[in-house]
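Everything below concerns the one structure shown next.
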Amino acid sequence: MKWVNALSKRPSLEAAIAEVANTARDTLETAPDLGLVFISSAFASEYPRLMPLLQEQLDIPTLIGCGGGGVVGSSPDTPAEEIERFPALSLTLASLPEATAKGFHIAPEDLPDLDSSPDRWVELIGVSPQDNPHFILLADPSLSKVNDLLEGLDFAYPNAEKIGGLASAGFSNRGMSLFCNGELYEGGTVGVALSGNIVLDSIVAQGCRPIGDPYRIARSDRNIVLELEDSTGGEAQPPLEALRELVQTLSEADRKLAQTSLFIGVVRDEFKQQLERGDFLIRNLLGVDPRVGAIAVGDRIRPGQRIQFHLRDAKASAEDLEMLLQRYNRTCETSPVGALMFACLGRGEGLYGKPNFDSELVRQYLGDLPISGFFCNGEIGPVGGATFLHGYTSVLGICRPA
């Protein structure tokens, strides 16, 4: 198995395609089985030309990609770069002699409903669960049923890793097209199913740190939390009251941060007692109702679930990703050959104050892997055994032989 990436920052599409095609082909030194292409929204007006120009240069049996407000890529002997707000083209080629890659496009109208059997999803994808596939998914951000898509794939392929992101346009607000096997799509989802001697490990860095102690939801209505119980099992109280008490215990800096960057972490494993980063699904705190002391969460929640308040800032984001990379290094069984990075548009230089922060951390812990990806309108990755759509997150997909 071999995985290579090439990055071009040339402002001419023809020149950029020629550069990445020649570099990737010369580095791979064999026929590719899979290609992944990420193109800056600075080229949005030229998206229809991307697939024909690439096909003139390379014969890639399975090829998917999308437009992004920022592009991540590396080249041989060059560390990965995160190119934001400027033209860039990133091309990954992979030789997978003991694995198979099947590309697909799912139109919104073809999505099965959630009452459908797993067989309906298998027919749609064209890959058997017995093949133990893993999925890379790129979706149109206007697709209203992204969560239905992820739930359906989890239902049909419960053991499959699923990572990816929603196409983005950055500050230009244009250029969110999807590409699959020579075709350009303006909607739906494109993806690739990887089967055989290949593993796609995931790291989902949600960039938050917990504050205070966990609470158990005593009473709720859909996404509205009405009452919380603390760990002592005392009398239930309105969540806004619990939050006010918590804020009083914070440092001055954290109190200020809580005014703009306060989130809710929903515990995924109800049986785990010692909670740590990675055990929470981070969701937005949408608002409060001072009259009854209720809070609204950006997801459906139910009584009995545990939640904990979280804060997000650059320091928490860096620590979260670093901790997860350290954990991965300790547990990885075979050497990775390549990585994909799907980062939120809200990360990057705007969050950290300097470029290439996440990709440099990946290089520090995983070495000089070929890395490609883009800045997303939403990131796809698993937490606690299920796949979710995230925000403000950096999702890594690390490819290695089984």
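Please determine whether any residue of segment 248-264 is touching a helix residue (DSSP H, G or I) at 6+ places or on another chain (Cβ under 9 Å) and of a type in the set (Phe, Trp, Tyr). No, there is no match, as no residue in segment 248-264 is touching a helix residue (DSSP H, G or I) at 6+ places or on another chain (Cβ under 9 Å) and of a type in the set (Phe, Trp, Tyr). How many residues, within segment 288-345, are over 24 Å from Tyr392 (Cα atoms), among the aliphatic types (A, V, I, L, M) and not in a strand (DSSP E or B)? The number of residues fulfilling the criteria is 2. Elements of the type strands (runs of 3 or more DSSP E) sitting completely within segment 194-273 and holding at least 1 residues that are among the aliphatic types (A, V, I, L, M) and closer than 30 Å to Thr100 by Cβ: these cover 199-205. Scanning segment 379-398 turns up no residue that is more than 15 Å from Gly70 (Cα to Cα), surrounded by 14 or more Cβ atoms within 10 Å (Cβ to Cβ) and charged (D, E, K, R). Report whether or not Gln326 is surrounded by fewer than 19 Cβ atoms within 10 Å (Cβ to Cβ), touching a Phe, Trp or Tyr at 6+ places or on another chain (Cβ under 7 Å) and in contact (Cβ under 8 Å) with a residue 12 or more places away in the chain. So Gln326 fits the description; yes. When segment 193-238 is limited to residues that are of a type in the set (A, V, I, L, M), over 24 Å from Asp154 (Cβ atoms) and out of contact with any Phe, Trp or Tyr (no Cβ under 7 Å at 6 or more places or on another chain), the one that is surrounded by the most Cβ atoms within 10 Å (Cβ to Cβ) turns out to be Val225.
For Gln259, are the conditions met, namely being of a type outside the set (A, V, I, L, M), within 20 Å of the chain's Cα centre (by Cα) and within 17 Å of His310 (Cβ to Cβ)? No; evaluated as a whole, the condition is false for this residue. Elements of the type strands (runs of 3 or more DSSP E) sitting completely within segment 40-149 and holding at least 2 residues that are of a type in the set (D, E, K, R) and crowded, with 16+ Cβ neighbours inside 10 Å: these cover 78-84. Here is a check on your reading of the model: is Ile136 at pLDDT 95 or above, out of contact with any helix residue (DSSP H, G or I) (no Cβ under 7 Å at 6 or more places or on another chain) and outside the structural domain of Arg291 (by TED's automatic domain parsing)? Yes: the conditions hold for Ile136. Of all the listed residues (Val362, Val337), the sole one being touching a Leu at 6+ places or on another chain (Cβ under 7 Å) and either of a type outside the set (Lys, Arg) or buried (at least 24 other Cβ atoms within 10 Å of the Cβ) (or both) is Val362.
The values are calculated or read from the model by the stated rules, or taken from the named source; none is laboratory data. Just so it is clear, the structure is predicted and the values come from calculations on it, not from any experiment. We place every Cβ from the backbone using ideal geometry, glycine too, and count neighbours over all the protein chains shown.
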